Every structure is written in structure tokens, then in C-alpha cells.
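The values are calculated or read from the model by the stated rules, or taken from the named source; none is laboratory data. The structure presented is a predicted model; accordingly, all values stated were derived computationally and were not measured. Cβ coordinates were reconstructed from backbone atoms using ideal geometry, including for glycine residues, and neighbour counts include every protein chain displayed.
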């Protein structure tokens, strides 16, 4: 079967596992120009398809894991913007690029190949699953290296690891004495957990979640810093409330939403995917004292985003009606999405995921705009090659990345 025939199968979602494996092997040994030609052909095929099937998420994740073990040279390739009218198209194109170990970035100007000072530095791998659990009595449990099984009994809940995810199971013992646990993800780590009420939370790198070991009051209250995605279990008689970095409060009954509240970012973004949430900006004192803030509350609908500007005592709030869901959910889906981000925002993402420190020559952040998506499974060194081809000059010394002018 020719490479074009395999591409046609992939474009109309009829490729078998054997077809995809065959294409992997062929693509790894093709010259770069032939790969570029195939990508152009694939783009044309997708434009001619009337209906795109949903990308197989499990296959996509397996491909990402496989990419991380390859050392294929990277190449920049651009695509016309009208291809991105459908999320399945974007996923399909990204899968094709990933199969060959190629990653793409789009830029307004043609990419420039520049000297990047190739100092020898140790390979810095991507972030991975891992977290620190602080129990109610102050004990800390490193979850990175623990296997499945029971961890502790804490104030009415049995805590265990299940397939790499932390889970709380209410057992009624000691529930009258509520204790609080805190999950913290350092830089370079991410983790997920199942709360006592059945709600699920995914924590991005450099984030924390404080929560009770059992929800026994009129509300289910948790506190978040950094970034997290919530899938809240419905319970109309016990609303779910989130204290966002002592800057805002969220109340939901049953819904899914993402919170981005890093302290080194100028805004807090809360984006609603499903259901309904009520967002209330507040001062730190109001949040700590749980004062009523209903007069300032805004109710969001799916697809909306509440943006809070944190440079004042009580944050100002703006509602964005058509939020970029692909960008919001990229981290949870194993991707970087640089569309619309400043250079400084991109570098802060890299700091958190790769556990590095970024500094700038002459303390000046370059006025560059990058765009596109890239798997978070790539090593830092592989990602920096891409930035070099986009005209970014840098030096990497151990875990300090110096951005040159």
C-alpha cells in the first residue's frame, strides 16, 4: 500500500492499527522533504472531506508517549488558518505531525534559523504525574513513587491510590472531627484525585488544592491556587464552593469548569464547559470571613469565561462570551497551546512544566508572538529546537534558560 493510500485512510478515519503502525515505520525513515510533501497532501485531503470523525483519544495518547522516545529532528511547517474550523481536523493534523516526531508552530513571518548557542546541558524531560499530599496531622506523603493501595484513614475517610489517582472514600469513622488535606503539585508534576463526594479534580503543575476529608456541612468548600479542572458531582442540597486564591468565590451544583489562578499571572480565568456557575470577586478578608458577595456575582453559561484582574483589593471582572476552549483545556489534554499568548506567558508555562527558571538578557522580555500547539510530552531540549527555528535565541545552563536579545 502506498503512503498516499495510507494517508487517505487516515483522513477518512478508516485506517486500522496495522495501517497506522506501517505508516509510523515508513515515516521515520523518509527524508524531511518527502514528509513535508505528505503533510501537504494530507492537508488537501482533509479540506475535501465533508465530515470528520472524532480522533481516537487513546490512540492519540499512545502516539504522544511514543513520540517522547524518538529523537527525530524537528521541522517547522505551516498550515492555512481555515483548516482549524473543526477540532477533529486539528487533532488529526497534530496526530500526523506527531507520528513523524515533527512539531509545528505558526508564525506571522517565515521562520528564521538562528544560532542558539548549543551549550551542552543535561536532557530535561517533560513533566509527569506526581504530587505531595499533606495530611491533617501535618504528615507529608510523596505520591510520585507510591503504588496502588491504602495510604491513610483521615477523619471519616479512607484514602487510597487507584491506578495512579488519589481517591477519598467516606467510611463514617471520626467524621465529626473534620480534617483538611492539601494536595500540592510542584513544578514539573500534575495529578488528579477523587474527592469524598465523588467530584474529580485535575491539578496542573505548581498548583494546590485544600479540601476536607469529608463534606458534612451545608456546603462543599475547597480552596485552589494555580490551575485545576473540576468535574463536580451534582448535589443540589449541598452546593460546591471554590475559594480561588482568596480573590474570588465560585458556587456550583454540578458542572465542569477550569480555573487558572497562578499568583505570577496578572489575571484569574474561570472557564465554564458544562452546567452553570456563579462567580463572585472578593477581597482576601471577604473570602477568609466567607462574607456574602451575591451583589457582585455573575452567572456564567457554558462557553463563557470570567476574567478577574487581580491588581487591586477587590478584583475587577470581565465576562468573555466565546472563550477559546481548545486553549483552556490544552494542558489537561496533554498539549501546549500558544495561540494568543505573550512571550512571557509562554515562558511561565515552560517554567512550571519543566521545573526551570527563565531569565532575560538585559531584563527585557522579547516582543515576539508565537502560535500553534505542541505536545507536552516533548523534552525541553526538543521544544527549544523549535523556538530556535522560530528565531528565539537562548542559552540553557542546567535548569536556567537565558533568553537572548
- Query: Has region 175-189 got any residue that is under 19 Å from residue 330 (Cα atoms) and surrounded by 22 or more Cβ atoms within 10 Å (Cβ to Cβ)?
  - Reply: yes
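Condition check ((1) assigned by TED's automatic domain parsing to the domain that holds residue 378; (2) closer than 30 Å to residue 377 by Cα; (3) at pLDDT below 95; (4) surrounded by 17 or more Cβ atoms within 10 Å (Cβ to Cβ)) across all residues:
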residue	(1), (2), (3), (4)
285	no, no, yes, no
290	no, no, yes, no
293	no, no, yes, yes
296	no, no, yes, no
303	no, yes, no, no
308	no, no, yes, yes
311	no, no, yes, no
314	no, no, yes, yes
322	no, yes, yes, no
- Would you mind telling me which numbered condition in (1) more than 20 Å from the chain's Cα centre (by Cα); (2) under 18 Å from residue 127 (Cα atoms) residue 330 fails? (1)
- Among the residues of region 140-160 satisfying the criterion of being assigned to a loop (DSSP other than H, G, I, E, B) and surrounded by 10 or more Cβ atoms within 10 Å (Cβ to Cβ), which is modelled with the highest pLDDT? 143
- Here the qualifying pairs (Cβ atoms under 6 Å; residues six or more apart or on different chains; first in region 367-387 and assigned by TED's automatic domain parsing to the domain that holds residue 349; second in a helix (DSSP H, G or I) and modelled with pLDDT of 90 or more) come out as 368/343; 380/354
